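Structure first, then comments.
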Amino acid sequence: MKWEIRKGLKYTKTHEWADFKGDLVTVGITDYAQDMLKDVVYIEPPEIGQKVQAGESLAVLESVKAVTDFYASVDGEVVEINETLLEQPELLNEDPYGAWVAKIQVDTGYENPNLLDEDEYAALVKKEADQ
Amino acid sequence: MAELLKTPLYEKHVALKSDLVEYGGWLMPVQYEGVITEVHSTRCSAALFDTSHMGEFLVEGAGATEFLQEVLTNDVSVLNEGRIIYSPICYPHGGTVDDILIYCYHPKKYLLVVNAANSAKDYAWLSEKVRPGVVLSDLSAETALIAIQGPNSLSALQSLTDAPLEQLRYYRFIPQVELAGVNCMVSRTGYTGEDGFEIYCAPDKAASIWDKLLETGDDCGPSLTPAGLGARDVLRLEVSLPLYGNELSEKITPLEAGLFRFVSFKKGFFIGREALQKQKEKGLTRQLAGLVLQDRGVLRKGYPVIEGENEIGVVSSGTYSPTLNKSIGMAFLAPDKVTPGNLVEVMIRNKPRSARIVNMPFYRRGSQ
């Protein structure tokens, strides 16, 4: 497959990744998502302290042509945002797994059964790419 | 939805892995490598665009000039062999049917090049107005159109022909040119603000011309980049050219879009003249202004423009400009608000963002 899918991460059906480290979840967009968007020129980030629910819009990404929502993959509270992306939104294209969007504090023991593992996500990408 | 139309270059776009989208009933490439790369290539080198979705109508006969004088706002009597002009077509109420190019073979034969999405509507409108002594025919299905745009266009195109292209002036055309052995019509026109040409040929020859042009770069510097509708829209907006559906429509007159130069009140009668004359005398209630976003974000069509509590207009087109590295847009504002240098606010997802009113165009060839 031409798109990188990292092992050990969880994925949404809307092409976000989530990296669980205890109660802190780092979220970003997948390689497939950045390739579909191409040329991200602006990100409207969430606010620190903002409460979010999985499936809700957390940020807005804009490419030259389109406006796209970035959805939260977990329930929790935004505790950090990647301010580098405000100046360099192109990092989302260049290094999608390095260019995290936000860090979200979740309740201890929180799980989201709707998230996909890397194999399930790879199958989803393959299916979408074949369409 | 009806089956989408495909241009003769459709297979090329698929092979080049472009993103294909619906546009005006056609399945068209919106981008190949990406809009930013394609815009830079057009400004710095040259890019190739498939614009075969555009419509082409032939107007022939002893009454051709008179007919066009009646349906167009611009004055075609100034045209002679090999010249081209731009003109809106208006309804009697002054709203715009379409904005088109008119190629003059001679005063009894013209080619009209119309927007793809308006093609059927235009043909019906023009057919209704056609008079004895004028024959209108639709050549769209037998015409492919490729645009080559950018400073390297001349050298790239010249490598395929002996015709003296450097002598072809802006808004002029040569009806018969042999390009790599294929009979074409070539004009020095475009929708990007750069030097460039538009190439008309038979649909079954389009792919070979396209391939030959993409190959030209191998010997003479950087190769040509295929560019999609995404780049085309950014390029035209950077040089403030109107897009039908955004800056022109049935509800928007050419005067409101700032196209005074293309409305000839001195030529005599034309459809829409009375309404436009009245609008000119009474003064416009809205006019097009250039905006540069000062805050972060991207201006988009439909965003409201506000001053204090009041909505003073709406964004008609907006984008991120890769050439200027900022977001630019055009907006219809109340004329008394159009003061270059002034700040207004644009509502982006319910938040006011600061934008400056600027003179247009945003970009001029060679200015960066």
Q | Within region B:14-27, considering residues that are touching a Phe, Trp or Tyr at 6+ places or on another chain (Cβ under 9 Å) and either within 17 Å of B:Met54 (Cα to Cα) or of a type in the set (A, V, I, L, M) (or both), the one nearest to the other protein chains (Cβ to nearest Cβ) | A | B:Leu20
Q.
Would you confirm, using the coordinates I've provided, whether B:Ala180 is aliphatic (A, V, I, L, M) and surrounded by fewer than 16 Cβ atoms within 10 Å (Cβ to Cβ)?
A. no
(Q) Quick check on B:Leu235: is it modelled with pLDDT under 95, part of a helix (DSSP H, G or I) and closer than 23 Å to B:Leu20 by Cβ? (A) no
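Please specify each residue of region A:73-85 satisfying the condition of being farther than 24 Å from B:Thr37 by Cα and within 13 Å of another protein chain (Cβ to nearest Cβ).
A:Glu83, the sole residue that qualifies.
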Q: Name the residue, out of B:Gly25, B:Gly63, that is at positive phi and of a type outside the set (D, E, K, R).
A: B:Gly25
Q.
Cβ-Cβ under 6 Å, sequence separation 6+ or interchain: first residue in region B:72-84 and assigned to a loop (DSSP other than H, G, I, E, B) and surrounded by 21 or more Cβ atoms within 10 Å (Cβ to Cβ), partner at pLDDT 95 or above and of a type in the set (A, V, I, L, M). Which pairs?
A. B:Thr73/B:Val263; B:Asn74/B:Ile85
Q: Filter region B:149-172 down to residues that are out of contact with any Gly (no Cβ under 6 Å at 6 or more places or on another chain) and not in a loop (DSSP other than H, G, I, E, B), then give me how many there are.
A: 8
**Q.** Matching residues in region B:327-365 - criterion: being without any contact (Cβ under 8 Å) to a residue 60 or more places away in the chain, more than 14 Å from chain A (Cβ to nearest Cβ) and not in a strand (DSSP E or B)
**A.** B:Ala334, B:Pro335, B:Asp336, B:Lys337, B:Val338, B:Thr339, B:Pro340, B:Gly341, B:Asn342
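Taking region B:141-168 as the region of interest, how many residues are crowded, with 21+ Cβ neighbours inside 10 Å and within 23 Å of the chain's Cα centre (by Cα)?
Let us first name the residues in region B:141-168 that are crowded, with 21+ Cβ neighbours inside 10 Å, namely B:143-150, B:152-153, B:156-157, B:160.
Cutting the leftovers down to within 23 Å of the chain's Cα centre (by Cα) gives us B:143-150, B:152-153, B:156-157.
The total comes to 12.
How many residues are closer than 18 Å to B:Ser316 by Cβ and touching an Asp or Glu at 6+ places or on another chain (Cβ under 9 Å) when one looks only at region B:347-362? Quick ask: steps written out before the conclusion?
Of region B:347-362, the ones closer than 18 Å to B:Ser316 by Cβ are B:347-348, B:353, B:355-362.
Remaining after also requiring touching an Asp or Glu at 6+ places or on another chain (Cβ under 9 Å): B:347-348, B:353, B:355, B:361-362.
Residues in region B:347-362 being closer than 18 Å to B:Ser316 by Cβ and touching an Asp or Glu at 6+ places or on another chain (Cβ under 9 Å): 6 in total.
Can you confirm whether A:Leu115 is in contact with a Lys or Arg (Cβ under 8 Å, 6 or more places away or on another chain) and surrounded by fewer than 18 Cβ atoms within 10 Å (Cβ to Cβ)?
Numbers: in contact with a Lys or Arg (Cβ under 8 Å, 6 or more places away or on another chain): yes; surrounded by fewer than 18 Cβ atoms within 10 Å (Cβ to Cβ): no.
Criteria not met by A:Leu115.
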(Q) Please verify whether B:Ala257 is more than 20 Å from B:Leu154 (Cα to Cα), in a helix (DSSP H, G or I), away from chain A (no Cβ under 14 Å) and in contact with a Pro (Cβ under 8 Å, 6 or more places away or on another chain), treating the condition exactly as stated. (A) no
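A quick yes/no check of all residues on (1) within 14 Å of chain A (Cβ to nearest Cβ); (2) surrounded by 15 or more Cβ atoms within 10 Å (Cβ to Cβ):
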| position | (1), (2) |
| --- | --- |
| B:Lys280 | no, yes |
| B:Gln287 | no, yes |
| B:Val292 | no, yes |
| B:Asn310 | no, no |
| B:Val315 | yes, yes |
| B:Tyr320 | yes, yes |
| B:Asn325 | yes, no |
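In region B:173-197, how many are among the aliphatic types (A, V, I, L, M), more than 16 Å from B:Gly82 (Cβ to Cβ) and not in a loop (DSSP other than H, G, I, E, B)? Lay out the reasoning, then the answer.
Residues of region B:173-197 among the aliphatic types (A, V, I, L, M): B:174, B:177, B:179-180, B:182, B:185-186.
Then drop every residue that is not more than 16 Å from B:Gly82 (Cβ to Cβ), which leaves B:179-180, B:182.
Checking which are not in a loop (DSSP other than H, G, I, E, B) leaves us with B:179, B:182.
Of the residues in region B:173-197, 2 are among the aliphatic types (A, V, I, L, M), more than 16 Å from B:Gly82 (Cβ to Cβ) and not in a loop (DSSP other than H, G, I, E, B).
For A:Asn93, indicate whether it is in contact (Cβ under 8 Å) with a residue 40 or more places away in the chain, surrounded by 11 or more Cβ atoms within 10 Å (Cβ to Cβ) and over 30 Å from B:Thr37 (Cα atoms).
Values: in contact (Cβ under 8 Å) with a residue 40 or more places away in the chain: yes; surrounded by 11 or more Cβ atoms within 10 Å (Cβ to Cβ): yes; over 30 Å from B:Thr37 (Cα atoms): no.
No, not satisfied.
Here's the yes/no breakdown for (1) within 14 Å of another protein chain (Cβ to nearest Cβ); (2) surrounded by 15 or more Cβ atoms within 10 Å (Cβ to Cβ):
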site	(1), (2)
A:Asp19	no, yes
A:Asp31	no, yes
A:Met36	yes, yes
A:Glu56	no, no
A:Tyr71	no, yes
Q.
Exactly one of these conditions fails for A:Glu77: (1) surrounded by 20 or more Cβ atoms within 10 Å (Cβ to Cβ); (2) farther than 16 Å from B:Arg349 by Cβ; (3) touching a Lys or Arg at 6+ places or on another chain (Cβ under 9 Å). Give me its number.
A. (1)
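If you scan region B:262-278, which residues turn out to be among the small types (Gly, Ala, Ser) and exposed (fewer than 13 other Cβ atoms within 10 Å of the Cβ)?
First pass over region B:262-278, keeping only residues among the small types (Gly, Ala, Ser): B:264, B:268, B:272, B:275.
Selection gives B:Gly268 alone.
Given the structure, is B:Gly297 over 30 Å from B:Gly196 (Cα atoms), part of a loop (DSSP other than H, G, I, E, B), within 14 Å of another protein chain (Cβ to nearest Cβ) and over 22 Å from the mean Cα position of the chain (by Cα)? Please lay out each step first, then the result.
Details: over 30 Å from B:Gly196 (Cα atoms): yes; part of a loop (DSSP other than H, G, I, E, B): yes; within 14 Å of another protein chain (Cβ to nearest Cβ): yes; over 22 Å from the mean Cα position of the chain (by Cα): yes.
So B:Gly297 passes the test.
Residue by residue, here is whether (1) in contact with a Phe, Trp or Tyr (Cβ under 6 Å, 6 or more places away or on another chain); (2) in contact (Cβ under 8 Å) with a residue 60 or more places away in the chain holds:
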| residue | (1), (2) |
| --- | --- |
| B:Thr37 | no, yes |
| B:Phe49 | no, yes |
| B:Gly94 | no, yes |
| B:Lys108 | no, no |
| B:Ala117 | no, yes |
| B:Asp122 | no, yes |
| B:Leu126 | no, yes |
| B:Asp138 | yes, yes |
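The values are calculated or read from the model by the stated rules, or taken from the named source; none is laboratory data. The shown structure was predicted, so the numbers you read here are calculated from the model rather than taken from an experiment. Quick reminder, even Gly has a Cβ in these numbers, built from the backbone with ideal geometry, and neighbours come from all protein chains shown.
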